[in-house]
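Engineer: Sending over a structure as structure tokens; questions will come in a sec.
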Amino acid sequence: MNQRTILPNVDDRETGPFFAAAAEGRLVYRGCLDCGRGLQPPTAHCPHCGGWNTDWKTASGAGWLYSWTTVVRRAPMAVHVSLAR
């Protein structure tokens, strides 16, 4: 069986720096340089203060885990069809 691999596009203007840093083993996030808040989704405009002064910041490695999900396998197609009705 031939499996196709989809690689992240590091040339993408919005998410490229995230994937380029990940390839180097670093975790980065988009943050506002005016108000200091992190931005999710990563955008050039800060919805908190209205500023346009944003850039990629290196994460410290500290944080809180609020939730997680473990996906074991995809549901059978019959389940998807019955949920669509």
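Engineer: Can you tell me which residue within segment 1-37, out of those that are surrounded by 10 or more Cβ atoms within 10 Å (Cβ to Cβ) and of a type in the set (S, T, N, Q), is modelled with the highest pLDDT?
Structural biologist: THR15
Engineer: Continuing with this model, one more query. For segment 50-72, name all the residues that are among the hydrophobic types (A, V, I, L, M, F, W, C), in contact with a strand residue (DSSP E or B) (Cβ under 8 Å, 6 or more places away or on another chain) and part of a loop (DSSP other than H, G, I, E, B).
Structural biologist: Residue satisfying the conditions is ALA59 alone.
Engineer: Of all residues in segment 45-75, count the ones that are at pLDDT 90 or above and charged (D, E, K, R).
Structural biologist: The total comes to 2.
The values are calculated or read from the model by the stated rules, or taken from the named source; none is laboratory data. Nothing here was measured: the structure is a model prediction, and the numbers come from that model. Every residue, glycine as well, gets a Cβ built from its backbone with ideal geometry; the counts of neighbours run over all protein chains shown.
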